[in-house]
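The values are calculated or read from the model by the stated rules, or taken from the named source; none is laboratory data. These numbers come from a predicted model, not from an experiment. Here the Cβ is made from the backbone with ideal geometry for all residues, glycine too, and neighbour counts use every protein chain on show.
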Amino acid sequence: MRTRDRSDTVQLSKIRMKEALRARLEADAEARRVTLNAVIVDRLESSFRGDEAFGGRRTAELLRFLGSLVTLEGYDDGWLSDRRQFNEVMDRWQRHFVELRQKIEPADRVAQETELKELSEMFDRFPQDRRNGLRQLAKRLSDIANLDPDIRASYAVLSQEVE
C-alpha cells in the first residue's frame, strides 16, 4: 500500500448524514458561492482550528461544557451583563470545578513532597541574588488549589524568602 504525502488530496467516496444537515451545508455553499465540498472541508478544518485555539481538544470540550451550563441555567449572552445571572453562572461553574478537582492520593503526596524538596535544594544552591525566578515559581506553585495544603504553605514560605 502506498504511503500518502500529507499534501495529497484524497477523495472520500461516502459520507452519510441527515438530509437536514446536507441542506444546511448546501445553503451555506450557495451563500458563500463555493462548492459543497469546499464548505465541508472548511468546516472540518475549522473544527480542528477551534480546538487548537482553546489549548487543545480536551480544553475545548471543557469550555463547550461550561457554555452548556449557561444554557442549562436558561441564559443567553446577556448573562455577562446581568450581575445576578453572572453570579449564578459563576457559582454553577465553581461547583463543577470542585467536582472535577482531583483528590490527593498518597502517591501524589509523595511526588509533591519530592518536588518541594528539589525546589528547596535549588534555593540552597543558588546565590541570594539569583533566587528571584525560584521565588516566582514557588509563588505559582503555592496557588495551585489541588496540591496538598501543607505543600502549598511550604511553597508560599519559599516564595517569600528574604534576599
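Observations, loosely collected:
- Summed over the stretch 113-163, the residues that are more than 23 Å from residue 100 (Cα to Cα) and touching a Lys or Arg at 6+ places or on another chain (Cβ under 8 Å) give a count of 8.
- Taking the listed residues 147, 69, the one that is under 29 Å from residue 54 (Cα atoms) and outside any helix (DSSP H, G or I) is 147, with no other qualifying.
- Filter result for residue 71 (surrounded by 11 or more Cβ atoms within 10 Å (Cβ to Cβ), polar (S, T, N, Q) and at pLDDT 85 or above): no
- Selection count where residues are touching a helix residue (DSSP H, G or I) at 6+ places or on another chain (Cβ under 7 Å) and closer than 20 Å to residue 98 by Cα, scope the stretch 53-72: 4
- Test: residue in the stretch 45-67 that is at positive phi and modelled with pLDDT of 85 or more: no
- All positions within the stretch 104-163 that are exposed (fewer than 15 other Cβ atoms within 10 Å of the Cβ) and of a type in the set (Gly, Ala, Ser): 107, 111, 133, 145, 153, 156
- Taking the listed residues 74, 50, 55, the one that is part of a loop (DSSP other than H, G, I, E, B), closer than 30 Å to residue 9 by Cα and not charged (D, E, K, R) is 55, with no other qualifying.
- Criterion (under 27 Å from residue 25 (Cβ atoms) and either under 16 Å from the mean Cα position of the chain (by Cα) or part of a helix (DSSP H, G or I) (or both)) met by exactly one of 45, 88: 45
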